[in-house]
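The values are calculated or read from the model by the stated rules, or taken from the named source; none is laboratory data. Owing to the predicted nature of the structure, the values given are computational and were not obtained by experimental measurement. Every residue, glycine among them, receives a Cβ derived from its backbone with ideal geometry; neighbour counts consider all protein chains shown. Surface areas here come from the heavy atoms of the whole protein model, side chains and all, with no ligands, DNA or RNA. Shrake-Rupley method; radii C 1.70, N 1.55, O 1.52, S 1.80 Å.
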Amino acid sequence: MKFINNIFLLTLAIFYSLLFHIKIFFINLSNKSFVSKNFDEFIKLNSSFWKKNNRNYTNNKDNKNILITNFVHQPVYTYTESLISKYIQNFYGYNIFGLIDSIDKFGKKLIKSFNVDNFFYYPNISIFQRFFFLFQAFKIISNLKNVDEFINFSRGEINFGRCVYDHLIRNTVIATFNKIDFKFYFFLSEALFCNNFCINLFSKNKFEYMIMSETQFLPSNIIFQHALINKIKVISRVGGPKNIGITLYDSVKDKHTSNIKIKKSLIDKLYIKDKKLFSNKGLDAITKTFENEIQHYDKNSEKNFLKKNNLDTNDLYNYLNWDKSTKTCIIFGHNLFDGNYYNSWRIFRDNLTWFKETLFFIKNLKPEINWLYKEHPSEYGSEFRNTTKSVKEFYDIIGSQDNIKIFPKNFNSILLRDVADCALTSQGSVGIEYPCFGIPVITAGDSFYDSLGFSYNPRNKDEYFDLITDMSKIISKKLTKDEINLARISFYFSNKATRIDHSLLTESDISRKIDLNLFFDQSIDLISKYKEDEDTFKKYLQIQLANNDRNLTAI
C-alpha cells in the first residue's frame, strides 16, 4: 500500500514538474530585469571608486579566492555582499568570483561594478535532470516513515530535510504538513540537483571565504553546508540595510546555527568587565526600541509600536473584561511561513504546530491565568490565498473563552510589556526582550539566546507543557537581578555592540517594491562622500577576521 502511494505521489510530482518547467520557460522568455534611470551612472562611479580603493590588490597567483553568492535577487543584498567581498580582497589580495543564477543579468552587472570579472553560473535544472533526481527522491522517500524522518534526512554531512521542508513551507505558503505529499519529491529533487552542482564546484575550485547573508532555503542552504564541509569560512551579514554586523562561520558543526547566535563567553566578558554599565546600555536600548525612539531591528516588529493614542492598560483590561489581579501570560506568534528552521533544533515540527498544540493545552487548564495572544506583525495585511492565518486557528481552537483572548490591534503593543507577567515564544526575540524588564519567558526550541541564562528552555514537549502547567510558580519566582542583567547585556551586545552604521549603505527597502532610482541616487551620494579614515566598519571587520572571531564587535 505504501509503495503504491509513493508511486502515485511520484506521478503527481512528474506532472507538476512538467507544468512547472513550461511555466518557467515562458517566464524566462519575458524575463525583465530591474530597471532604473541612474543604474548606468552608478555602475560607472562604483567601478571607478573601487579601482581607486583596490590599491592593495594584485591578481592573486596562489589560488586564494573569495566567492560571492547571489540568490536573493534583491539589489540591497547584492550590493552589500559585493561590498563586503571588496574589503576582504583589500585585506588579503584574494581574487573574487561571483556565483549567480544563469539568467541573473542585473545581479551580474551590479557585481561587475565592483570590478569582478569571474563568475560561476548556477544552472536551471532541465526537465531531464528533474526526472532523474525525482527518481532519486523517490528512492529516498520510500525508506522514510513520516514527515519528521524526512526533516532529519541527511546524506553524509549534508542535511537535506530541514532546508527542503523550510523551503516547501515558504514556497507553497502551507504552514505545516502532517504527511508527505508530491511536492516533497519536487523540492527534494532540486536539493539533490544542487548537491550535485556543489560537489562539482567545490572539488574543482578552492575558496578561502564565501559571502552569503541568506543561508536558508534552496539552493543557499545546500551551498552553505558544502562550503563549511570544504573548510571555507562563510561570512554572513547580520542586520541591515545600513546598520550591519558580520558573523563568521568556520566549522561544519555550526551548519544549523543561526547567524545571530550569541556565545555565552562573550556576554560573560561584558558582565565581568562592567556589569552595571552594559546592563544600563541594554536597558536604554530596549526601552527606546519599545517606545519607538529608535528604529526596531526587525522591520516587521517595528509596526508593533507605531500606534499613538491615549489608550492605556486600564483601557485594555476594560476592553478584555479582565481583572487586573489575575496574572497574564502573553503568547507571541511567529511568521508561519518564514524561518521555521533558522535555529539548530525545535520541539515542535514548525511554528503552526507549536501554536496549535500550545492553544489546545492551555484551553484545558484551570482558568487561573489570563492568556493573551499577540499575532506576529508580518501577518498584518497579508493576503496569502488558501493559507492559514493564526487568528483563524485561534478561533477554531479556542472559540470564545473568557481567559484566552487576542490582543486588539487598536492598542499599542508596548502595553503588552506593562500587563505581562510571563510570555511564551517558540524561538523569537521576545525571549531576550521581555527578560530585560524582569518578565520570564518560556521557549520551545533553540534560539540565539537560549544558553545565556535568563529564559526557560525546555528540551522536549513534556518539559514544555510542565512549565506551562507551573506558570504560576514561574511568575511568583520572578527573574533574579543577575538574570535581568544578563538579558540586558545580551540585548545590548546582539543589537548594538555587534552592528555598525556603514558609511556606504543606506536605509533601503529590502522588498521587491524597492525604489531603485532612490536606492542608486543615495548610493551615488554616499560613494561621493566616502572617507576611508571614517570607515569604522572596515576597521572592526579587519580585526574580526584577523582574530577569527565569530562576531564583529565594536566595543
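Assorted remarks:
- Cα gyration tensor shape of the chain, rounded if a/c is under 1.5, else prolate or oblate by comparing a/b with b/c: oblate
- Per residue, the convex hull volume that the Cα atoms of the stretch 123-175 enclose (Å³): 109 Å³
- Point-to-point label distance, LYS206-THR11, nm (Cα→Cβ direction, 7 Å offset): 5.2 nm
- Computed on the stretch 90-133, with alpha-carbon pairs under 8 angstrom and 6+ residues apart, the relative contact order is 44 percent.
- Summary value for the chain: 16 percent relative contact order, contacts being C-alpha pairs under 8 angstrom separated by 6+ residues.
- Sequence-distant aspartates and glutamates (8 or more away, or on other chains) whose Cα lies within less than 20 Å of LYS276: ASP268, ASP284, GLU433, ASP482, GLU483
- Ordering of 22-28, 548-554, 323-329, 438-444 by packing [mean C-beta count within 10 Å, highest first]: 438-444, 548-554, 323-329, 22-28
- Zero-based 5 Å bins, Cα pair distances in the stretch 444-494, whole percents: 4, 19, 23, 24, 20, 8, 2
- With the simple spin-label model, which puts each label point 7 Å out from Cα in the Cβ direction, the LEU29 to PHE3 separation comes to 4.2 nm.
- Lysines whose Cα lies under 17 Å from that of LYS473, excluding same-chain neighbours fewer than 8 positions away: LYS327, LYS366
- Over the stretch 24-177, the hull volume per residue, using the convex hull of the C-alpha atoms, is 167 Å³.
- Entries of LYS261/LYS281; LYS44/LYS253; LYS139/LYS461; LYS255/LYS288 with Cα pairs more than 30 Å apart: LYS44/LYS253; LYS139/LYS461; LYS255/LYS288
- Within the chain, helix-based [θ] at 222 nm, where runs of 4 or more DSSP H residues each add -39,500 (n - 2.57), nearest 500: -14500 deg cm²/dmol
- Whole-number accessible area per residue in Å² for the stretch 121-261, which is evaluated in the context of all protein chains at 1.4 Å: 38 Å²
- Gyration tensor (alpha-carbon) shape descriptor, the stretch 395-468, a/c threshold 1.5: oblate
- Calculated diffusion of the stretch 397-555, Stokes-Einstein form, Kirkwood radius summed over Cα pairs, 25 °C and 0.890 mPa s, µm²/s: 127 µm²/s
- Shape call, the stretch 469-555: gyration tensor on alpha carbons, a/c limit 1.5: oblate
- Relative contact order for the stretch 313-410, counting Cα pairs under 8 Å that sit 6 or more residues apart, in percent: 35 percent
- Links that overshoot a 25 Å alpha carbon limit, given the list LYS109/LYS183; LYS23/LYS105; LYS363/LYS392: LYS109/LYS183
- For the stretch 329-334, backbone phi angles converted through the Karplus equation (6.51, -1.76, 1.60; θ = phi - 60°) give residue-by-residue couplings of 10, 9, 9, 9, x, 10 Hz, Gly and Pro being listed as x.
- Stretching the chain fully between ASP515 and ASP402 yields a gain of 36.0 nm (0.36 nm per residue, less the alpha carbon separation).
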